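The values are calculated or read from the model by the stated rules, or taken from the named source; none is laboratory data. Remember, it's a predicted structure, so these values are computed and weren't measured experimentally. No Cβ is skipped: glycine too gets one built from the backbone with ideal geometry, and neighbour counts run over all protein chains shown. These accessible areas exclude ligands, DNA and RNA; they are computed on the full protein's heavy atoms, side chains included. Shrake-Rupley method; radii C 1.70, N 1.55, O 1.52, S 1.80 Å.
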Amino acid sequence: MSGQVKYLLSEDEIPTHWVNIVPDLPGEPLPPLHPGTKEPLGPEDLAPIFPMALIEQEVSTEPDIEIPEEVREVLKLWRPTPLYRAWRLERHLDTPAHIYYKYEGVSPAGSHKPNTAVAQGYYNREAGIRKLSTETGAGQWGSALAFACQIFGLECEVFMVGVSYDQKPYRRAIIETSGGTVHRSPSDLTEAGRAQAGHPTGSLGIAISEAVEIAAGAEDTNYALGSVLGHVCLHQTVIGEECIRQMEMAGEYPDIVIGCVGGGSNYAGIAYPFIREKFRDSRPTRFIAAEPAACPTLTRGEYSYDFGDTVGLTPLMPMYTLGHDFVPPPFHAGGLRYHGDSPTLCALVKEGVIEARAFPQTATFEAAIRFAQCEGIIPAPEPAHAIRAVFDEAEKAKQEGVERTILFNLCGHGHFDMGAYEAYHAGKLEDLEFSEADMEQALERLPEAPALA
Ligand SMILES: Cc1ncc(COP(=O)(O)O)c(C=O)c1O
């Protein structure tokens, strides 16, 4: 039996407001701390690298924040994105579960990243900024920001994690095609890069240090972050808001909402609007965050204040962390190679609202390939982790004989990740684990800061 496959909204149904989860979070939000004084940050501390409108969003306790009309106009290029019912996958898995996926791969960059890149480009242009600097892991964020900078007439300078720079030459070419400049990180252009020359594979933490240094050193340049911060998660909530309407069209409500977590933004995007409904309407929805076993921040990290970058230029944030100078092994989901996660997402994991699971990369590629063979879309290696979690939940529904509704975020396609698929087919992918020794070393290097309960 099959029925409707795609649930589509019209352009005038693009959400008008972003969902701010902060006022619905249990307890008082923990403030970010100044990296030098370890005192709570004020807006003026962030002003050298962010426009005031984004700083205000970062600290806002308004439940809904209006999306500027000019941003909604640009979002129309690919939004609303489709929600699919995965009938063929359900049959392949022989599961009574109903599986739905939101597909963000239809955006210009091929992932969810332009949802915030466009908003950040807009607010920076409004603030009179000339150039944005940033990091990129898989190249998705760099492509997204270069696209947004092109739209708003800004220059874009990207520090790309060394291992991804080597693995993904066409992502580099996309950034350059959109008018951006790309450097292999660690580079010799910044003090931070020169200090990290001993880690030639690079990491998101190192690339962030380089990009922040560039922005802090020039009046007309700001920094843009592709994940982790509150305003980035906020901009991604258009995903979940559209899903709420599309699930209504399908006549269903998710029992489980699943997504992968690198810094937390795509998962926040799909999950936060449903988490708000869970809190307000006492719904029993479960939330599962999927991460790589080789960089298991949520499942094995310490809940502590830590820097967002490797060198220690950024504020200290309360999060699950593997230590700011942890350099994850070069596995193929480059967007998930980050030592920490969004503070709001970590707070929800700490409260038990979100469950976290870690998966090795070969098992995720195996699930991604089976998904592609059923549904025709080749997933990016990052959401392949979410697909692995979906397979496990679909199997559980089968064992228990229950008709559960599972929704997940297929946050990007893998068209520029075919080297990773090639390595899998050739039997060359290894499962790189995070050892106890790695963990102990990481914890020794956590900065001194107030302890978290
Ligand atoms: C396709 C894709 N998915 C997921 C992520 C992880 O980031 P986040 O957890 O912020 O969504 C990235 C980051 O680069 C990405 O490119």
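Side notes on the structure shown:
- For residue 168, the aspartates and glutamates whose Cα comes closer than 12 Å to its Cα, not counting residues fewer than 8 places off in the same chain, are 417.
- Average accessible surface area per residue within region 18-136, 1.4 Å rolling probe, Å²: 39
- Per residue accessible area of region 230-385, 1.4 Å probe, in Å²: 24
- For region 1-149, the normalised intensity computed at q = 0.12 Å⁻¹ comes to -0.70 (log10 of I(q)/I(0), Debye sum over alpha carbons, equal scatterers, no solvent).
- With contacts taken as Cα pairs under 8 Å and at least 6 residues apart, the chain reaches a relative contact order of 19 percent.
- Listed by chain and number, the lysines placed with their C-alpha closer than 17 angstrom to that of residue 278 are 350; residues fewer than eight positions away on the same chain are left out.
- Prolate/oblate/rounded label for the chain (Cα gyration tensor, a/c 1.5): rounded
- Taking Cβ separations below 4.7 Å as the criterion for a possible disulfide partner, the isolated cysteines in the chain are 233, 243, 260, 295, 346, 374, 411.
- Remark: region 393-437 carries 52 Å² of accessible area per residue (probe radius 1.4 Å; ligands, DNA and RNA excluded).
- Protection proxy ranking for 45-54, 302-311, 378-387, using the average of other Cβ atoms within 10 Å per residue and placing the highest first: 378-387, 302-311, 45-54.
- Computed on region 171-218, with alpha-carbon pairs under 8 angstrom and 6+ residues apart, the relative contact order is 30 percent.
- Antiparallel DSSP beta bridges within the chain, as percent of all bridges there, nearest 5: 35
- Apportionment of accessible area to carbon and sulfur, the chain, percent (1.4 Å): 49
- Prolate/oblate/rounded label for region 242-344 (Cα gyration tensor, a/c 1.5): prolate
- For region 1-135, the tally of Lys pairs with Cα-Cα distances below 18 Å comes to 4, considering only residues 8 or more apart or on different chains.
- Overall, region 223-348 carries a charge dipole of about 120 debye about its Cα centre when +1 sits on the Cβ of Lys and Arg and -1 on the Cβ of Asp and Glu, all other atoms neutral.
- Per-peptide average of other Cβ atoms within 10 Å, ordering 283-291, 423-431, 84-92, 27-35 highest first: 283-291, 84-92, 27-35, 423-431
- Aspartates and glutamates with Cα under 12 Å of residue 398, excluding same-chain neighbours fewer than 8 positions away: 90, 94
- Chain lengthening between residue 370 and residue 12 when straightened (0.36 nm per residue, less Cα-Cα): 125.4 nm
- Across region 317-408, C-alpha contacts under 8 Å between residues 6 or more apart give a mean separation that, scaled by the residue count, equals a relative contact order of 22 percent.
- Calculated [222 nm] ellipticity per residue, helices only, for the chain: -12000 deg cm²/dmol; basis is -39500 (n - 2.57) per DSSP H run with n ≥ 4, divided by all residues, nearest 500.
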